[in-house]
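Please treat every number below as a calculation from the coordinates, not as lab data. Because the structure is a prediction, the values reported are computed rather than measured. As a convention, Cβ positions derive from the backbone with ideal geometry for all residues, glycine included, and neighbour counts pool all protein chains shown.
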């Protein structure tokens, strides 16, 4: 981001717009994909490949020297838009291949997402050795390769039931199923906390080191470890769900992460950097462990011919919620110099647990 600001003469305020543009693009993309039931009417692997190629091209479009703020925001928006054909469609592909053991398979898939989410923090730690343009080119090539591997190696699953027509009412009709609604609302509560936690991990570490003079954290590396370790939690949660039940493990993880939200202000006051890092590491595990399990519950409680669209709709709403929670927490941390503001994240787990009761 800093390289883009310096290279194209942008203002510091543009950084927030560049981040929001991708999120907004993803939300609009999932909305369009849901309305036109793209993931159910067409081969999911082909949709994945097409979106990977287009997303890679728009991602690489930033390196054009003639860019200005408007064109950069546009290509970031379009990158986010075509990501709508990657994450929810990837879950649809997994659901088409696994009638049993879906929680375990989605654990690996979401675990990969978590490592990918944490990777920029590690890249920041190492970025002195890489020009910013080469980083964008490499990530675009990796995206293209991922799409190609999906097209060549992953055929449509044996449990796929393709939808036959556009269903403009799908965005509302899927919620008529009470069990689906309960699983989706649980996921929404989880999303209120998840991305806000991920976004503020570096700030949590920085604020703690500011209030405790003897502490000197390597913030990018610790952020990578705290967030990236959640990938292991996703895989472990998938295996545990096969033995103890998907809903039970999802509820347990949601309860534990909610308790972390409430305990954070107390842990923040303790002058022990080891305890603080261990607490954030544990929070990073439980905050994401339930994500593939909620997606499993959503997929299992959606009608087979609408499974891809249902996952896309839930993603659309869930990521919209993340913008609200991130902006609210950003406003609170800017106005109040208190670790107590993070308690607001507990609202999500509480809502999710209430939803799961039904």
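Distance between the 7 Å Cα→Cβ label points at residue 8 and residue 207: 3.1 nm.
Can you give the FRET efficiency for residue 135 and residue 179, using 1/(1 + (r/R0)^6), R0 = 45 Å, r = Cβ-Cβ distance, to the nearest 0.05? The computed FRET efficiency comes out at 0.55. In the stretch 20-80, Cα pairs under 8 Å separated by at least six residues give a relative contact order of 63 percent.
Calculate, for residue 236 and residue 97, the FRET efficiency according to 1/(1 + (r/R0)^6) with r their C-beta to C-beta distance and R0 25 Å; round to the nearest 0.05. Using R0 = 25 Å, I get an efficiency of 0.75.
Computed from the Cα positions only, the extents of the chain along the three principal axes stand at 62, 53, 32 Å, in decreasing order.
I need the per residue convex hull volume for the stretch 230-291, using only the alpha carbons, in cubic angstrom as a whole number.
On the way: hull volume 4.1 nm³, N = 62.
Considering the Cα atoms of the stretch 230-291, their hull volume per residue is 67 Å³.
Only counting other Cβ atoms within 10 Å, I'd like 191, 331, 91, 150 sorted with the fewest neighbours first. Could the numbers behind the result be given before it?
Working: 191 24, 331 11, 91 29, 150 20.
Listed from fewest to most nearby Cβ atoms, that is 331, 150, 191, 91.
A straight line joining the Cα centroids of the stretch 220-261 and the stretch 20-68 runs 28 Å. Computed over all pairs of different Cα atoms, the Kirkwood value for the hydrodynamic radius of the stretch 64-138 is 15.1 Å. Inter-label distance, residue 70 to residue 36: 2.5 nm, where each label sits 7 Å from its Cα along the C-beta direction.
If R0 equals 51 Å, the separation of the Cβ atoms of residue 275 and residue 149 corresponds to a calculated FRET efficiency of about 0.75.
In units of the compact-protein estimate 2.2 N^0.38 Å, the stretch 150-258 shows a Cα radius of gyration of 1.52.
Sort 74, 358 so that the residue with the fewest other Cβ atoms within 10 Å of its own Cβ comes first and the one with the most comes last. All intermediate terms of the calculation are to be shown ahead of the outcome.
Values: 74 16, 358 11.
Ascending Cβ contact count within 10 Å gives the list 358, 74.
Here the alpha carbons of the stretch 235-358 define both size measures, Rg and Dmax, at 16.4, 55 Å.
In deg cm²/dmol, rounded to 500, what helix-only [θ] at 222 nm does the chain give when every DSSP H run of at least 4 residues adds -39500 (n - 2.57) and the total is split over its residues? Intermediate values should be presented prior to the final figure.
On the way: 17 runs with 276 residues, N = 358.
That calculation yields -25500 deg cm²/dmol at 222 nm.
Remark: spin-label model distance residue 358-residue 46 equals 3.9 nm, labels positioned 7 Å along the Cα→Cβ axis.
Counting every pair of alpha carbons in the stretch 84-231, the share spaced more than 19 Å apart comes to 69 percent.
Over the stretch 1-139, the hull volume per residue, using the convex hull of the C-alpha atoms, is 116 Å³.
Working from Cα pairs under 8 Å separated by at least six residues, relative contact order for the chain is 28 percent.
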